[in-house]
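Notes to accompany the following structure.
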Amino acid sequence: MVKMISSRKESCVGCNRCVRECPMETANVTFLDSCGNTKVEIDHEKCIVCGRCIWACRHNARYYTDDTERFFNDLSKGVPVSLMAAPSILTNFPEYKRLFTYLKKLGVNKIYDVSLGAAVNEQLEKAAAAFKEFNFDGAAGCLNAVINTFESPVL
């Protein structure tokens with residue numbers, strides 16, 4: 001997993017601004033270092049890379065790793081790449097269709113709307129509730145239908 005947001009532990013003063021600003025409750029882990037100082041590190045499994053912690057930190061303890069060069073290198077090597085675009089691209093980039101066309105010509109496989117994740121999660125929650133209601137333990141195998149529903153790109 002590429003760590004897009006990282007911490008500089010030596011700069012962290014444990015103020016917890018990053019923790020308060022983060023929309024993911026458990027993406028930041030507070031701990032005491034070997035000197036007894038409070039520090040905060042990122043749980044990369046739970047981080048959604050929104051960047052709010054970077055903007056919140058007044059101590060330059062968080063930073064973003066730009067992987068744009070790697071992205072284009074991977075495309076040039078034929079590495080399968082799919083993208084997720086936020087719905088705001090529609091208003092922030094009036095020429096977004098041209099951008100998507102360009103990226104597809106470079107080799108991007110599929111471009112998804114990031115809200116797809118919310119739709120998949122909603123369907124999974126409904127399925128889980130139905131399975132629980134009927135005391136059915138084989139939910140995982142039956143969720144393929146839900147996943148297949150969202151397999152095709154939306155942008």
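Amide H contacts for residue 83 (H built 1.01 Å from N in the peptide plane; partners 5 or more residues away or on another chain; cut-off under 5 Å): 110, 111, 112. Extent along the principal axes, Cα only, for the stretch 1-126: 53, 40, 26 Å, with the longest axis given first. Computed from backbone phi with θ = phi - 60° and the Karplus coefficients 6.51, -1.76 and 1.60, the 3J(HN,Hα) list for the stretch 125-130 is 5, 5, 5, 4, 5, 5 Hz; x is used for glycine and proline. Modelled this way, with points 7 Å down the Cα-to-C-beta line, the labels at residue 128 and residue 73 are 3.8 nm from one another. P(r) tail for the stretch 5-64: Cα pairs beyond 14 Å make up 45% of the total. Note that the stretch 68-113 shows a convex hull volume over its alpha carbon atoms of 68 Å³ per residue.
Under the criterion of Cα pairs below 8 Å and six or more residues apart, the relative contact order for the stretch 41-119 equals 29 percent.
Each reported figure results from applying straightforward, stated rules to the coordinates on display, with no laboratory input. Here the structure is a predicted model, which means the values were calculated and not measured. Cβ coordinates were reconstructed from backbone atoms using ideal geometry, including for glycine residues, and neighbour counts include every protein chain displayed.
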